[in-house]
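> Here it is, the structure in full.
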Amino acid sequence: MFRKRLFLLTIACLLVALVPVGAGAEGTTSLTGYALSFLGQTGGISRAVTYDGTYAYLNVGPRVLILDVSDPAHPTVVGDTGVLAGVPLHMAKVGHYLYVGFPGDGLAIMDVATPSAPRMVTTLWPGEYIWRVKVYGNRAYVVGLRHFHILDLGNPASPAKVGEYQDASLDLRDVAVVGRTAFVTARSHGLVALDISDPANIRKIGAYDTPGDASSVAVSSHYAYVADVGGGLRVLDISDPAHMTEVGALTHIGYPAHVIVAGAYAYMDIQGSRVGVIDISDPTHPQKVASLRVGNIDDLFLHDSTLYAALLYKGMAVVDVTDPQHPALAGTYDAKTSFLLDTAVSGSKVLGTAAYQGLFTYDISSPDAPQQAAFVPLGYDMPGITLAGNYAYVAAMTHGMLTFDIQDPEHLRQVGHLDTVGMTWDIAVRDHYAYLADGNNGLVIADVTDPTAPRQVARLDMGCKAHGVALEGSYAYVACMSGGLRIVDVSDPLHPSEVGEYRQGAVAFRFVAAANHVAYVTTNWGFYIVDVSDPAHPQRLGYFNSGSTQRVTLHGPLAFLASLGEGVYVVDVSDPAHPRQVAYYNTPGQARHAILTGDVVVVADGWGGLLTLKFTQTGYRAYLPVMKSNE
């Protein structure tokens, strides 16, 4: 019996393994041999920082760098965790262990006893959104999006959960613990007081609704200091947690999201890019006494008289607050951060647009070790880039279209600019014309015969927010955020005319690609495949749920989809009515564009910077019998 089963299993395996790509079988399911695997990564943004008295720990995209800051003016990297599951939001150091909270990837515990060789120990609650990790004594208090956890750190490498509080109606952010009470910020629900005297039975005992979104909290004496996005600094008397009252406030300081209190001073992120020092010696009348511009702050950590700031688009700033009324910049660390929104490939070089930073050039000649090769600072929001000939055309929102000479990608030069009335989201270029999806301004067509002096030659008011644009044949396909897919005859670029439209209820379309009279349109819920062979009467062919999808790139029968919260999908669209997933990779950031070049997929991964993936195809398909249900 055993030999018979072995023989049958062997025959089945041979049948599965030896059917070549392209072969078909009636009534079977095809599993194509494609795969995506990690190659390399660089860049990303800095969202979390902490310090243990010897080393600073700073995330750069999905990595955590361990920095020697004994000379704050010249921080040096002594360790690198490598690429983690996501982009950290917060970190806390406990003994030899680093606790790292991720957006959607839970809490990671890493052994950093040897800074040059950090190693992963375990991950708790994968899939959960972790905002803050605070340590008081031998317990860690972990704030998730809807959950609040208490961990016993008797064994820091394997902490035991001793308590949990859940409330689906709250959007939790931060915590401060005083005795038997935890004060948790809950955005639009203000500050919530939890009785944690019995961790196994945590109870809500009070709340105070602040005017803005309560983001961060620090406690000193019987006062809570709340960083209230939209409401400034709010000071609450918490002597009776069940009946908290506001006793003071400081407004007109921007949208602070972080607060730390030490002695008579509070330290906050104010006015977007400044460390603010607030005198709270009289809690009823907090006063700003000093500020220092350092960059866009996303985390603060105070150790003695030194403040460490994680800077979204720069890395880290070290601020000396020995004299709080005269904060001084002691040093910075340039982490070569990048919040990539879009990319385009030219040979071994990748050009990427980064939000509020500029235009980057990356060298991917060694795909497993991509390197930043050049940077042009601009400070604009630039959601798109298109290459044509020796030029790059950059969609720069309120700044219209920028043109760059890219003949030497490591020495980019801006050579032209077209200002538009709307907000330029996307650009397609063909035959000396650029087609701009210009938001509420509709479709703008520019003559780029001379890229140094682009000029508008036509505009089509579409009555919708034009967000994405693609060209095929005589038509431009415009994805509208509030008006479906519009089909425009551009056979005469000087006189465009709308000839058809496709709507999917109230679904907002983002970007579009087109090939062989089929349009592929992305949305917040995946992408739609639309037959546009009759432009006046487009028809839906198929749909694939790829989550909050940004751009789609076509390569033969395959569509490469970048999904913000999920990663990169590869979908076989050879049968447009039945698209099917053939490969997937969960990126650590927020995938916005995935481009296949050779056997490498280049990903603009938002918070996660630039990611390179290996794309492999086995060359065979496995055909398995379809099991039919009797129901």
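The values are calculated or read from the model by the stated rules, or taken from the named source; none is laboratory data. Note that this is a predicted model, so its numbers are computed, not measured. Quick reminder, even Gly has a Cβ in these numbers, built from the backbone with ideal geometry, and neighbours come from all protein chains shown. These accessible areas exclude ligands, DNA and RNA; they are computed on the full protein's heavy atoms, side chains included. Shrake-Rupley method; radii C 1.70, N 1.55, O 1.52, S 1.80 Å.
> Wholly within region 188-240, which strands (runs of 3 or more DSSP E) include no fewer than the required count, namely at least 2 residues that are touching a Ser or Thr at 6+ places or on another chain (Cβ under 7 Å) and of a type in the set (Val, Ile, Thr)?
Values: elements: 191-195, 203-208, 213-220, 223-229, 232-237.
The strands (runs of 3 or more DSSP E) meeting that bar are 223-229.
> Tally time: how many residues in region 371-428 are surrounded by fewer than 19 Cβ atoms within 10 Å (Cβ to Cβ) and β-branched (Val, Ile, Thr)?
Total meeting the criteria: 4.
> Go over the candidates ALA262, ALA224, ALA249, ALA242 one by one and state the one that is in contact (Cβ under 8 Å) with a residue 12 or more places away in the chain, of a type in the set (Gly, Ala, Ser) and under 26 Å from LYS314 (Cβ atoms). Spell out the reasoning first.
Numbers: ALA224 fails: under 26 Å from LYS314 (Cβ atoms); ALA249 fails: under 26 Å from LYS314 (Cβ atoms); ALA242 fails: under 26 Å from LYS314 (Cβ atoms).
Checking each option against the conditions leaves just ALA262.
> From HIS467, HIS537, HIS555, HIS495, which residue is in contact (Cβ under 8 Å) with a residue 40 or more places away in the chain, surrounded by fewer than 17 Cβ atoms within 10 Å (Cβ to Cβ) and out of contact with any His (no Cβ under 7 Å at 6 or more places or on another chain)? Can you show your working first?
Details: HIS467 fails: surrounded by fewer than 17 Cβ atoms within 10 Å (Cβ to Cβ); HIS537 fails: in contact (Cβ under 8 Å) with a residue 40 or more places away in the chain; HIS495 fails: in contact (Cβ under 8 Å) with a residue 40 or more places away in the chain.
That would be HIS555, the only listed residue that is in contact (Cβ under 8 Å) with a residue 40 or more places away in the chain, surrounded by fewer than 17 Cβ atoms within 10 Å (Cβ to Cβ) and out of contact with any His (no Cβ under 7 Å at 6 or more places or on another chain).
> Same structure again: Between PHE375, PHE360, which is under 30 Å from GLY82 (Cβ atoms) and touching a residue at least 60 places away in the same chain (Cβ under 8 Å)?
Values: PHE375 fails: touching a residue at least 60 places away in the same chain (Cβ under 8 Å).
The unique qualifying residue is PHE360.
> Pull up region 498-522, narrow it to residues that are part of a strand (DSSP E or B), of a type in the set (Val, Ile, Thr) and open to solvent by 10 Å² or more (accessible area, probe 1.4 Å), then point me to the one that is nearest to ALA428 (Cα to Cα).
Filtering first and then ranking leaves VAL512.
> Next question, about the same structure. For TYR333, which of the numbered conditions (1) surrounded by fewer than 24 Cβ atoms within 10 Å (Cβ to Cβ); (2) over 18 Å from the mean Cα position of the chain (by Cα) fails to hold?
(1)
> Please go through region 162-180 and pick out each residue that is touching a residue at least 24 places away in the same chain (Cβ under 8 Å) and more than 18 Å from ARG234 (Cβ to Cβ).
VAL162, GLY163, GLU164, TYR165, ASP167, VAL177
> Given (1) crowded, with 19+ Cβ neighbours inside 10 Å; (2) more than 19 Å from VAL217 (Cβ to Cβ); (3) at pLDDT 95 or above, where does SER338 come up short, assuming only one miss?
(3)
> Would you mind stating whether ASP492 is charged (D, E, K, R), assigned to a loop (DSSP other than H, G, I, E, B), under 22 Å from TYR34 (Cα atoms) and more than 28 Å from the chain's Cα centre (by Cα)?
Numbers: charged (D, E, K, R): yes; assigned to a loop (DSSP other than H, G, I, E, B): yes; under 22 Å from TYR34 (Cα atoms): no; more than 28 Å from the chain's Cα centre (by Cα): yes.
Judged against the criteria, ASP492 is not a match.
> Another question, if that's okay. Given the structure, is ALA355 in contact with a Leu (Cβ under 6 Å, 6 or more places away or on another chain) and without any contact (Cβ under 8 Å) to a residue 60 or more places away in the chain?
Yes.
> Name the residue, out of ALA140, ALA168, that is over 15 Å from ALA182 (Cα atoms) and hydrophobic (A, V, I, L, M, F, W, C).
On the way: ALA140 fails: over 15 Å from ALA182 (Cα atoms).
Result of the check over ALA140, ALA168: ALA168.
> With respect to the numbered conditions (1) open to solvent by 10 Å² or more (accessible area, probe 1.4 Å); (2) more than 27 Å from LEU340 (Cβ to Cβ), which one is the sole condition not fulfilled by ILE445?
Every condition holds for ILE445 apart from (1).
> It is to be established whether one or more residues within region 278-287 are closer than 22 Å to ALA92 by Cα and touching a Lys or Arg at 6+ places or on another chain (Cβ under 7 Å). Outline the logic, then answer.
First, pick out the residues of region 278-287 that are closer than 22 Å to ALA92 by Cα: none.
No - not one qualifying residue is present in region 278-287.
> In contact (Cβ under 8 Å) with a residue 60 or more places away in the chain, of a type outside the set (Asp, Glu) and open to solvent by less than 10 Å² (accessible area, probe 1.4 Å): which single residue out of GLY53, GLY61 fits that description? Write out each step before concluding.
Values: GLY53 fails: open to solvent by less than 10 Å² (accessible area, probe 1.4 Å).
After applying the criteria, what remains is GLY61.
The rows are residues; the columns are (1) closer than 25 Å to THR361 by Cβ; (2) modelled with pLDDT of 95 or more; (3) of a type in the set (A, V, I, L, M, F, W, C).
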position	(1), (2), (3)
ASN524	no, no, no
HIS555	yes, yes, no
GLY565	no, no, no
GLN581	no, yes, no
THR587	yes, yes, no
ALA594	yes, yes, yes
VAL603	yes, yes, yes
MET627	no, no, yes
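> Shifting gears a bit: Return the only residue of LEU236, LEU250 being in contact with an Asp or Glu (Cβ under 9 Å, 6 or more places away or on another chain) and crowded, with 19+ Cβ neighbours inside 10 Å. Step through it out loud before you land on a result.
Numbers: LEU250 fails: in contact with an Asp or Glu (Cβ under 9 Å, 6 or more places away or on another chain).
The unique qualifying residue is LEU236.
> Hey, another quick one. How about region 159-184: which of its residues are part of a strand (DSSP E or B) and open to solvent by 10 Å² or more (accessible area, probe 1.4 Å)? Full working, then the answer.
Let us first name the residues in region 159-184 that are part of a strand (DSSP E or B), namely 160-166, 174-178, 181-184.
Passing the criteria: ALA160, LYS161, VAL162, GLU164, TYR165, GLN166, VAL177, VAL178, THR181.
> Would you check if ALA476 is out of contact with any Gly (no Cβ under 8 Å at 6 or more places or on another chain), open to solvent by less than 10 Å² (accessible area, probe 1.4 Å), farther than 29 Å from ASN545 by Cβ and not acidic (Asp, Glu)?
Here the answer is no, as ALA476 does not meet what is asked.
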